[in-house]
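Shown next, in structure tokens, is the structure this report addresses.
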Amino acid sequence: MGVVEKVDVVVVGGGPGGSTVATLLAQSGRSVVLLEQEQFPRYQIGESLLPATIHGVCRLLGVEQEIEAAGFMHKRGGSFRWGTSPVPWNFLFAISPEFSGPSSFAYQVERMKFDEILLRHSAKSGVDVREQAKVTDVIKDGAGRVIGVDYTDAAGVAHRVEAQYVVDASGNKTRLTKHSGAERVYADFFQNVALFGYFNGGKRLPAPDSGNILCAAFDEGWMWYIPLTDELTSVGAVIAKEHAAKVQGDQEEALRRFIGRCGIVDDMLADATRVTEGTYGEIRTRKDYSYANTKFWGNGMVLVGDAACFIDPVFSTGVHLATYSAVLAARSINSVLSGELTEERAFGEFEGRYRREYAVFYEFLSAFYDMEQSEDSYFWRARKVTKMDRDDMAAFVSLVAGGFSGENALTDPDAIIGKFAASTDALTAAAVKTGGMDTDSGQRMKHLFGTTVVREVMEEMNALQARGATGAATVEPPLLDGGLVPSADGLSWAEPVSVSS
């Protein structure tokens with residue numbers, strides 16, 4: 001094995017979650033080794049980002065100018081052919097009234113370019129980035145705590161790195177989470193299959209919404225349409241897991257058939273040709289992609305991004321949850337290594353906030369799916385949230401009611417159903433009031449942001465954007481009952497200052 005290296009933290013995985021946590025730790029003076037199995041740039045799905053990532057996390061990292069210089073497609077929000085109205089409508093989901101100025105946009109990105117910018121920035125920030133480094137095992141001490149990893153480099157040479165913490169940011173296919181004591185639980189409600197490819201020459205929505213993601217419902221599911229450049233478009237169909245057989249065999253024909261079933265996307269692609277060569281030339285599938293682990297940390301390991309959880313892609317939450325969890329993880333690791341907080345206190349905050357963010361998105365997305373497109377379609381009937389049975393509720397409680405989540409109320413299935421029903425009614429009413437895409441944006445904001453479920457989804461994203469815009473939050477109260485607050489620099493946790501009466 002040779003010389004055993006010793007560092008503060010080993011991060012496994014160089015995607016947005018791994019790069020973010022590694023950079024923030026290095027900026028705090030920690031010694032960090034990041035191990036990435038592939039050689040960047042490499043392909044990854046998940047091209048549509050949220051403003052909290054761009055204007056919050058990327059500013060905290062100090063990489064916003066590089067992201068801006070990359071020339072990615074500007075995204076004002078999302079455009080939807082969804083619900084009862086046949087007219088597409090805009091939902092500026094990731095843009096709150098408080099941030100309606102310079103930060104009122106995000107990007108559609110080619111992930112192979114975006115991820116590489118973050119990874120190279122990690123190296124510039126002092127992270128020891130090692131690509132083509134495949135983790136083969138974890139190292140444990142006598143008490144069973146993870147204290148490092150073994151890996152092989154591009155030449156097949158074995159190495160060992162010991163650390164005080166190992167961060168698993170290796171994605172949805174990770175094999176490391178079991179060492180934290182966690183088990184993966186799939187969400188019964190969001191068991192879908194995605195089939196996707198790339199097209200050149202597709203149409204664009206009318207300006208200023210030409211960079212928006214378009215999500216369009218049809219009888220068997222829904223489709224995404226993401227403009228990546230003036231020419232290149234990512235197109236995918238999401239259908240129920242029970243219909244997975246329809247995507248087997250000739251996938252080209254299957255994707256074309258789904259496109260033909262979705263009128264607005266079919267029209268957008270009328271003069272387009274599918275990319276058949278290079279990185280974007282393959283038709284790909286992904287299934288069973290909505291899940292959460294029973295624990296997000298333990299035994300010396302911390303799980304971030306898709307290694308911890310993932311939820312349905314209709315509102316592009318993947319990179320947001322990955323980078324958000326990375327910020328939380330960096331704060332917790334810094335707080336423990338500095339001796340300021342106990343592991344239980346610091347990571348209790350990490351897990352509580354992370355599970356809360358997952359829960360509010362789950363509620364929002366469940367309500368959104370409850371706005372059925374077709375009552376006689378299996379896909380939409382199966383997603384009537386207010387008719388969830390007790391097994392569905394048990395799965396949801398397993399997903400979000402972690403030991404530190406403060407979500408004890410979720411153990412009441414009837415209360416959950418009632419809450420989801422109220423959210424669905426409010427969101428449906430707000431969507432009807434928005435009108436079509438040509439409706440005044442201020443009126444759309446007024447209706448949509450008047451709903452409780454949307455405001456809850458925005459709460460933490462607003463905090464991230466505020467800190468990114470100002471460099472530090474002025475007053476940020478505890479998010480959880482009895483919880484912590486970010487430090488002035490945003491890189492660790494602090495006990496809230498009590499105000500005497």
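The values are calculated or read from the model by the stated rules, or taken from the named source; none is laboratory data. Just so it is clear, the structure is predicted and the values come from calculations on it, not from any experiment. Glycine also receives a Cβ, built like all others from the backbone with ideal geometry; neighbour counts cover every protein chain displayed. For accessibility, only protein heavy atoms count, side chains too; no ligands or nucleic acids. Shrake-Rupley method; radii C 1.70, N 1.55, O 1.52, S 1.80 Å.
If you go through the range 121-153 and keep only what is touching a residue at least 60 places away in the same chain (Cβ under 8 Å), open to solvent by 50 Å² or more (accessible area, probe 1.4 Å) and closer than 18 Å to Glu38 by Cβ, you end up with Asp128, Gln132, Lys134. Taken across the range 266-274, residues that are over 18 Å from the mean Cα position of the chain (by Cα) and under 13 Å from Phe196 (Cα atoms) do occur, with at least one present. For the range 2-18, does any single residue satisfy the condition of being in contact with a Lys or Arg (Cβ under 6 Å, 6 or more places away or on another chain), surrounded by fewer than 16 Cβ atoms within 10 Å (Cβ to Cβ) and at pLDDT 85 or above? The answer is yes; a qualifying residue exists. Looking only at residues that are open to solvent by 20 Å² or more (accessible area, probe 1.4 Å), charged (D, E, K, R) and touching a residue at least 40 places away in the same chain (Cβ under 8 Å) in the range 328-350, which one is farthest from Asp168 (Cα to Cα)? Residue satisfying both the conditions and the ranking: Glu340.
Among the residues making up the range 292-326, those that are of a type in the set (Gly, Ala, Ser), open to solvent by less than 10 Å² (accessible area, probe 1.4 Å) and in contact with a strand residue (DSSP E or B) (Cβ under 6 Å, 6 or more places away or on another chain) are Ala292, Gly300, Ala307, Ala308.
Once the range 154-171 is narrowed to residues that are surrounded by 14 or more Cβ atoms within 10 Å (Cβ to Cβ) and outside any strand (DSSP E or B), the residue that is modelled with the lowest pLDDT is Gly171. The listed residues are Leu60, Leu24, Leu35, and the only one of them that is in contact with a Gly (Cβ under 9 Å, 6 or more places away or on another chain), crowded, with 20+ Cβ neighbours inside 10 Å and either on the phi > 0 side of the Ramachandran plot or not in a helix (DSSP H, G or I) (or both) turns out to be Leu35.
Only residues that are in a helix (DSSP H, G or I), at pLDDT 70 or above and open to solvent by 30 Å² or more (accessible area, probe 1.4 Å) were counted across the range 453-488, and they come to 3. The residue of the range 172-202 that is farthest from the chain's Cα centre (by Cα), among those that are open to solvent by 20 Å² or more (accessible area, probe 1.4 Å) and small (Gly, Ala, Ser), is Gly201.
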